[in-house]
Protein chains: 2
Amino acid sequence: MTGTPLPFIDAAPPGAKLVAITGAAGEIGTSMAAHLASRYRLRLIYNRSVPEIVAGAVAESRATGLPVPIPGGHEVATADVSDLDQVTEAIRGTDAILHLAAVPSVRAPWEAVLSANLIGCYTAYEGAVRAGVPRVVFASSNHASGFYERDGLPTGPDLPVRPDGYYGVSKVFGEALGRYYAEGRGLAVICLRIGSFQPRPRDKRQLSTWLSHRDMAQLAWRSIETPVTFGIFYGISGNTRRYWDITSACEVLGYVPEDDGETFAAEFDPASA
Amino acid sequence: MTGTPLPFIDAAPPGAKLVAITGAAGEIGTSMAAHLASRYRLRLIYNRSVPEIVAGAVAESRATGLPVPIPGGHEVATADVSDLDQVTEAIRGTDAILHLAAVPSVRAPWEAVLSANLIGCYTAYEGAVRAGVPRVVFASSNHASGFYERDGLPTGPDLPVRPDGYYGVSKVFGEALGRYYAEGRGLAVICLRIGSFQPRPRDKRQLSTWLSHRDMAQLAWRSIETPVTFGIFYGISGNTRRYWDITSACEVLGYVPEDDGETFAAEFDPASA
């Protein structure tokens, strides 16, 4: 297939790594596709929700069970994230997986979390091992430690976990399972405890917890490029008011955040102006 | 039902708390029934494996869906630990749950761990909340941190987890889920990272990792009686050669181990004699 690049993503540079993105239709997935397309060849993995612009290619992939090229050097594929065989085939041949597919709601019920987040995390790691994909970047969450924030306490990635719901528990599980796969199965796993992923802070809290789209993209590519084989890092912008420790993200991954929620302080905290 | 106490357990004292033991047919469950019967009324919960001596009572419970008294003031009940409704009914009316039911093998495959250990842990906590049971003592495992031992490193309960298999990951999950239920749902949860539960050490390693039956029983009843509402503790005897930190078990739970693997040192480590 040839043609002009998709309007929503750039063309990949020649010889770029092929990176699979699960949950490509989600809020973070859509943004990461746009931000990472000029750095990597992307294989966007969809399930039920599919953007209209790639609907034809996705339907073809669903029918054949094979990835289908789209303009710009990228590909689409399909998989139900709770199905190990589907995931294994969808990621086969890629150099890394950005694993975003999950129920995203902090208040999601147990059954939904069990299927999409717990089983869906096993399939990503186990599928990677079976398909020979060497690295997974796992979208963990600040809700793995949510009760520190509720108690007004700062947190770092090495403190005991304090999840604030099934969603948060599923992220702790994904981190622990990832560490087993890293230490016991030869897979590299980087876990990013994503903060408030938004175009800009929406309230006073997010002056502290904001993760800008471009800073998330930087964390994603640094997690793909690092030689480190396991780590848990908070993923937020360089917010002046942050209470989650990003020191290790900066020192270990080389993360240099470009944004700071403080830019928007006057809007949500007039007293600080 | 009246009669003499079962040969394998003592009669409960009058007015004792009623404590449910899941996995009552297992190695730890069988021993805990014997050790705790003189302190508590016990409700022994079985599934597929049932001791001959209570087979009739268990069959009656399975038929009626209700607990059935056995001699000594104790009871039996039945539940598939992966079935929330069954677990909820089986534990209803008890004062605490000693949750031992799980696939016990460190090398258990994913599917078995998913059903018995992950879902089976959710059913214990959620069932407790639904049935109004205020406290769960969760049988975690040293395999939540197994890679420290493989690397020759000491471990304490507050260090980042390093599970060495799906089994160990399931124990990390049970601890994290327990912490959420403790902090978010009003359930008290004590997690015991059980070492080498044996009548006596079987090899040189177990001089360090041994947990005697009576020390496990003490940890269990202290975890039931403590006012503490969440904690993770290593469960081993007072072994001179230990490399898992039991300071917090002693200080927080009041644990005073009675045994020390060193008693058997000459047998497994002649050089030390």
Mind putting a number on the dipole of the protein assembly as shown about its Cα centre? Charges go on the C-beta only, +1 for Lys and Arg and -1 for Asp and Glu, and I need it in Debye to the nearest 20. 160
Beta bridges per DSSP with both ends in the protein assembly as shown, % antiparallel, nearest 5: 10
Given the rotation relating B and A, tell me which residue in B puts its Cβ closest to the axis and the distance in Å. B:Phe173, 2
Expected max-MSF residue from A:Gly152, A:Gly238, A:Gly93 in the GNM of chain A (alpha carbon, under 10 Å) is A:Gly152
For A:118-124, mean number of other protein chain Cβ atoms within 10 Å: 2
For the range A:74-128 versus the range B:108-175, the gap between their alpha-carbon centres in whole angstrom: 22
Once amide H atoms are built 1.01 Å from N in the peptide plane, which residues 5 or more positions from B:Ala37, or in another chain, come under 5 Å H to H? B:Asp10
Accessible surface, 1.4 Å probe, highest first, among residues B:Phe8, B:Phe173: B:Phe8, B:Phe173
Using a 7 Å offset from Cα along the direction of the beta-carbon, what are the separations from A:Ala266 to the same position in each other copy, nm, ascending? 8.3
How many nanometers, to one decimal and shortest first, lie between the label point of A:Val106 and those of its other copies, if labels sit 7 Å from Cα toward Cβ? 3.9
Of all accessible surface on the range B:18-272 at a 1.4 Å probe, what whole percent is carbon and sulfur? 51
Dipole in debye (nearest 20) - chain A, about Cα centre, beta carbon charges: Lys, Arg +1; Asp, Glu -1: 180
Is the range B:124-218 best put as rounded, prolate or oblate by its Cα gyration tensor, with a ≥ b ≥ c the root eigenvalues, rounded for a/c under 1.5, and otherwise prolate when a/b is larger than b/c, oblate when not? oblate
So if the hydrodynamic radius of chain A is defined as the Kirkwood radius over C-alpha pairs, what does Stokes-Einstein give as its diffusion coefficient at 25 °C and 0.890 mPa s, in µm² per second? 131
Exercise: per-residue mean of other protein chain Cβ atoms within 10 Å, B:156-162: 4
Of A:Tyr181, A:Tyr243, A:Tyr40, the most mobile residue in a GNM of chain A (C-alpha springs, cutoff 10 Å) is A:Tyr243
Roughly how many Å² is the accessible area per residue of the range A:98-237, as a whole number, for a 1.4 Å probe? 30
Report the FRET efficiency, 1/(1 + (r/R0)^6), for B:Asp203 and B:Leu159, where r is their Cβ-Cβ distance and R0 is 22 Å, rounded to 0.05. 0.30
Taking every DSSP beta bridge with both residues inside chain B, roughly what % is antiparallel (nearest 5)? 10
At R0 = 60 Å, how high is the FRET efficiency between B:Asp85 and A:Thr240 if r is their beta carbon distance? Nearest 0.05 is fine. 0.75
Choose one answer from A:Leu177, A:Leu100, A:Leu153: the residue with the largest mean-square fluctuation in a GNM of chain A with alpha-carbon springs under 10 Å. A:Leu153
Between the label point of B:Arg200 and that of the same position in each other copy, find the distances and list them shortest first in nm, with every label point placed 7 Å from Cα along the Cα-to-C-beta direction. 7.5
According to a simple spin-label model (label point 7 Å from Cα along Cα-to-Cβ), what is the distance in nm between B:Arg107 and B:Arg130? 3.6
Ignoring ligands, DNA and RNA and using a 1.4 Å probe, state the total buried accessible area between A and B in Å², rounded to the nearest 100. 2400
Nearby lysines by direct alpha-carbon distance to B:Lys171 (threshold 20 angstrom, same-chain neighbours under 8 apart not counted): A:Lys171
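The values are calculated or read from the model by the stated rules, or taken from the named source; none is laboratory data. On a predicted model such as this, the values are computed, not experimentally measured, just so you know. Every residue, glycine among them, receives a Cβ derived from its backbone with ideal geometry; neighbour counts consider all protein chains shown. The area values use the complete protein model at the heavy-atom level, side chains included, leaving out ligands, DNA and RNA. Shrake-Rupley method; radii C 1.70, N 1.55, O 1.52, S 1.80 Å.
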